[in-house]
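Data first, discussion second: the structure below is written as structure tokens.
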Amino acid sequence: MRLFTHARAWRAALLVCGMAWFGPAARAEPLAVPAAPELSIYSGEPFGLAASPIHGGGLRAKWLGVAHRLEDERVQLALCDGDRERCASDAALKFLAIVDSGRQREGRARIGEINRAINLSIRAADDFAEYGEIDVWSSPLVTFYRGAGDCEDYAIAKYVALRMAGIAAEDLRIVVMADTIRHEGHAVASVRLDGHWLMLDNRRMAMIEDSYIRNYRPLFVIDDTAVMKYADTPLLASIPEPDAMPAAVLNIAPGLIAASN
């Protein structure tokens, strides 16, 4: 990821992992292109903020491209899942092993197992260094084949693995945020457990509840049905003192923090 100057902070905040999600072709249209002025508002999203679907722009185009590739990969994963011995894809077998580990657990343990395993399986890498171009969104099998990716690649892999492990689609999201400390964009997977949204970040092993996330500005949220823009994006400022946070937030195993990107 790249640092941005303060003068360009807001524009830079719209970049995920420091990459141009809204490239030159997308700048001619607004970030959110509503189908009609009376768009319905979604509730129950991470951070408790209302969000409305967008119908155009670079971010939506990127996600639709990934979603198309995911359909093909689901077929390949299903075939490998049914016959591991004849599966020709090492990436699929490695990904399925993580899904298997998650299936053997329940609740928070299931989510934590998949979060930890994917954080440890992918090397943090810049898209330009890895692919020779900026802003490449990879599907899980591509990411696992290369063994490297940036924040949205981790988030997409977790999203798919958790879904395969039995988490309901309505309880899964990918959240795009602006990191106001590093002056860059960031993406994480999010899972709803017992009515609370947990953020699954490649930068740490701890799964932190959305109400304890600080120094980020949530911008967009993605699920199986839509790409949505948050209607209100307040700054989530200054993280609480450690003794004011629940033990679960601080339960980070030494030496298991994933590389930052």
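No lab work stands behind these numbers, since they all come straight from the coordinates. Please read all numbers here as calculations on a predicted model, not as lab measurements. For neighbour counting, all protein chains shown are included, and Cβ atoms are generated from backbone atoms with ideal geometry for every residue, glycine included.
Listed values for region 183-189 are Karplus-derived 3J(HN,Hα) couplings in whole Hz (6.51 cos²θ - 1.76 cosθ + 1.60, θ = phi - 60°), namely 6, 8, x, 8, 9, 9, 7, and x replaces Gly and Pro.
Other residues whose C-beta falls under 11 angstrom from the C-beta of Trp197 contribute a net charge of -3, scoring Lys and Arg +1 and Asp and Glu -1. Proximity of backbone amide H atoms, modeled 1.01 Å from N, is registered between Ala51 and Tyr42, Ala231 at under 5 Å, excluding neighbours fewer than 5 places apart on the same chain. With a simple spin-label model that places each label point 7 Å from the Cα along the Cα-to-Cβ direction, the separation between Arg103 and Arg214 comes to 4.1 nm. Neighbour counts of other Cβ atoms within 10 Å put Lys94, Lys62, Lys158 in the fewest-to-most order Lys94, Lys62, Lys158.
Here the spin labels are modelled as points 7 Å beyond Cα on the Cα-Cβ line, and at Lys94 and Ala168 they lie 3.4 nm apart. Taking a point 7 Å from the Cα of Arg146 along the Cα-to-Cβ direction, the residues of region 119-136 with backbone N closer than 15 Å to it are 122-136. Mind checking the full-extension length gain between Arg86 and Ala226? Use 0.36 nm per residue of separation minus the Cα-Cα distance, one decimal, nm. Stretched out fully, the Arg86 to Ala226 stretch lengthens by 46.8 nm. Per-residue extension of 0.36 nm, minus the Cα-Cα distance of Asp194 and Ile181, leaves a gain of 1.7 nm for this segment. Going by neighbour counts of Cβ atoms within 10 Å, the residues Thr143, Thr225, Thr180 line up, fewest first, as Thr225, Thr180, Thr143.
I need the peptides 184-194, 122-132, 201-211 ranked by packing, meaning the mean over residues of other C-beta atoms within 10 angstrom, with the highest value on top.
Values: 184-194: 22.6, 122-132: 16.2, 201-211: 20.5.
Going from most to least packed, we get 184-194, 201-211, 122-132.
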